[in-house]
1. Which order do the peptides 286-298, 102-114 take when ranked by the mean count of other beta-carbon atoms within 10 Å per residue, highest first?
2. If we sort 254-267, 63-76, 228-241 on the protection proxy, mean other Cβ atoms within 10 Å, highest first, what's the order?
3. Taking the number of other C-beta atoms within 10 Å as the exposure measure, put 87, 321 in order starting with the fewest.
4. Taking neighbour counts of Cβ atoms within 10 Å as a proxy for exposure, in what order, fewest first, do 274, 224 appear?
5. Translational diffusion coefficient, Stokes-Einstein: compute it for region 81-207 using the Kirkwood radius over C-alpha pairs as Rh, at 37 °C and 0.692 mPa s, and state it as an integer in µm² s⁻¹.
6. For residue 347 and residue 276, what does the FRET efficiency come to when R0 = 22 Å and r is the distance between their Cβ atoms, rounded to the nearest 0.05?
7. Given the alpha-carbon gyration tensor of region 166-261, what are the semi-axes of its equivalent ellipsoid in whole angstrom, ordered largest first, with each equal to the square root of 5 times an eigenvalue?
8. Tell me, 337, 48, 154 in order of fewest to most beta-carbon neighbours within 10 Å?
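Coordinate-derived values only; no laboratory data. Just so it is clear, the structure is predicted and the values come from calculations on it, not from any experiment. Heads up, the Cβs are rebuilt from the backbone with ideal geometry, glycines too, and the neighbour counts pull from every protein chain shown.
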Ligand code: SF4
């Protein structure tokens, strides 16, 4: 995305440029249009993403004239937190309103020293994976880069991680980000890439490239371009060991079958400057669908030439699906076959059950006015808010 188009995309409802979502390059271009030096970009990045300052008048190393000019032309605006829930296991869930009245959820999951934030890239999703409730409610819109990085900003701010916000509260911190929330990140390529650059930029969040992961269902042409823009980690939502089954679970597979997808993923990993990186394979286990020992064996053979680690995700049932959760026996048996075949294979544990925030199952609220009444009937029981302008949907295993 060119800086000018990056800026154009960031103009919010106030018609001011929202600097929250501009990368270093985008900010440099913005300041050049004001006749200012490029180093202003670094100053702004630090104020916004390290100090958590949104008020230009508080940016003390910027001249009064420029601060006033910024007030006229620009803003620093994060999405609005509607509600925040804390689980007794430390999981924190945010309900976040984005422009237009839609709402998304972002979940923070602590584990030892690590704090992983699962962020969304779209409101809804057009890919309609059969096991995913987000797919059931269709596509609403792409999130802007500001709305994507804003999820990280909000979580970091809530832990006092941004210095301006004062004392650190507890020892929790966003150390890892996974783009595994609502939506297919590669369908929102420019905004996702810009937000990821802010996650990894040392002048912004400075998270290691080994701790930022993009998860895709397999949009091969976009995956083929990804390496030109980022060196973040890659996860593939595979969920099946052959095309026949994957065509049912992930309809995108009919356009980009497994062999093409794995070849593209290998090219991405091979193109990274550092070696020994592995692709994470996500496999949602559904009772009597893809959980049999022969599926595990077929998966082991399929991945023999691909550097992977495998993450098994027990399916979380939801009201619009007839699929059932895998049995514990089948789950352990599946894992053991993969371990015996030499794969590092983990099981995603359920977290934040008391706040309905199990990893891999976010509850979101989406306002899609075109389908409002239909969705209201479909999932009325899942209503999470009395706010009549917000309609809830559930997101599973994206
Ligand atoms: S699993 Fe991911 S790509 Fe598939 S419908 Fe759900 S959000 Fe979209």
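1. Numbers: 286-298: 18.2, 102-114: 21.6.
Averaged packing, sorted descending, gives the order 102-114, 286-298.
2. Numbers: 254-267: 16.8, 63-76: 15.0, 228-241: 21.1.
The packing order, highest mean first, is 228-241, 254-267, 63-76.
3. Numbers: 87 20, 321 17.
The order, fewest Cβ neighbours first, is 321, 87.
4. Working: 274 8, 224 15.
The fewest-first ordering by Cβ neighbours comes to 274, 224.
5. Values: Rh = 15.0 Å.
Translational diffusion coefficient: 219 µm²/s.
6. Values: r = 23 Å, r/R0 = 1.06.
The calculated FRET efficiency here is 0.40.
7. Working: eigenvalues 182, 46, 20 Å².
Square roots of five times the eigenvalues give 30, 15, 10 Å.
8. Values: 337 18, 48 26, 154 21.
So the ranking, lowest neighbour count to highest, is 337, 154, 48.
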